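Here is the structure we will look at.
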Amino acid sequence: MKVVCDTSFFFVSFPLEGDLYTTPQVIDELCDLRSKCRFDTLKEDGLIVTEADPASRKLVLKAAESSGDLGVLSETDISIIAVAYSIRGEIATDDFAVQNVAATLGIGVIPILQRRAKKRVWKLVCTGCGRDVEGGVDCPVCGASLKRRHK
């Protein structure tokens, strides 16, 4: 089994078997001594640090846009989903948006401490006039902020 580890995986002691992967973006988010030590230990035991190919990254961006999660995913989130897709692995994460995009792409998810997220498709709705909006930060009609709601 191939598992791509999200940042939250390194903050707790959660046992996983198989080939473990992560991305440089995840390593950049490790900020405390405990998570850095866990990374170092796993790296010595064979953890692979890799980047996704551009085609996988592009596919993840398209899937995130169709599910409505693109606006809430970080570069780190996109990188781990793309690596999981390119190696045909699973993702160890508690991030619901990551889990949702992974489900859209048919990627398995291993929740760490949280429950498994339900698959959802999101839309943007104006908080002022209530219109459905395609994208952006503010409503193009009334200028109010937008909020995500599931369809």
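Some notes on this structure:
- Sum of side-chain charges, A84 neighbourhood, beta-carbon under 13 Å (Lys, Arg +1; Asp, Glu -1): -4
- Summing Lys and Arg as +1 and Asp and Glu as -1 over all other residues whose Cβ lies under 12 Å from the Cβ of M1 gives a net charge of -1.
- In this structure, the amide hydrogen of E90, modeled 1.01 Å from its nitrogen in the peptide plane, lies closer than 5 angstrom to those of K2, V3, V4, counting only residues at least 5 positions away or on a different chain.
- In plain terms, the C-alpha convex hull of region 3-90 casts an average shadow of 5.7 nm² when viewed from every direction.
- The charge dipole of the chain, taken about its Cα centre with unit charges on the Cβ of Lys, Arg, Asp and Glu (plus for the first two, minus for the last two), comes to roughly 840 debye.
- Of the three principal axes defined by the Cα atoms of the chain, the extents in descending order read 55, 30, 27 Å.
- Phi-based couplings in Hz for region 17-33 (Karplus 6.51, -1.76, 1.60; Gly and Pro marked x): 10, x, 7, 9, 10, 7, 10, x, 5, 5, 4, 5, 8, 6, 10, 10, 4
- Cα-Cα over 26 Å, subset of K2/K43; K36/K123; K36/K62: K36/K123; K36/K62
- Inter-label distance for I27 and K2, nm, one decimal - labels placed 7 Å from Cα along Cα-to-Cβ: 1.9 nm
- Of interest is the spacing of the C-alpha centroids, which for region 69-117 and region 11-54 amounts to 15 Å.
- Backbone HN-Hα couplings from phi across region 79-87 [Karplus 6.51/-1.76/1.60, Hz, Gly and Pro as x]: 5, 6, 5, 5, 5, 4, 5, 5, 9
- Ranking of K58, K2 by count of other Cβ atoms within 10 Å, fewest first: K58, K2
- Derived scalar couplings ³J(HN,Hα) [region 50-59; Karplus, 6.51 cos²θ - 1.76 cosθ + 1.60; whole Hz; x for Gly, Pro]: 8, 10, 7, 6, x, 5, 5, 4, 5, 5
The numbers here are math on the coordinates, done by the rules we state, and not lab data. A quick note: this is a predicted structure, and the numbers were derived from the prediction, not measured. Heads up, the Cβs are rebuilt from the backbone with ideal geometry, glycines too, and the neighbour counts pull from every protein chain shown.
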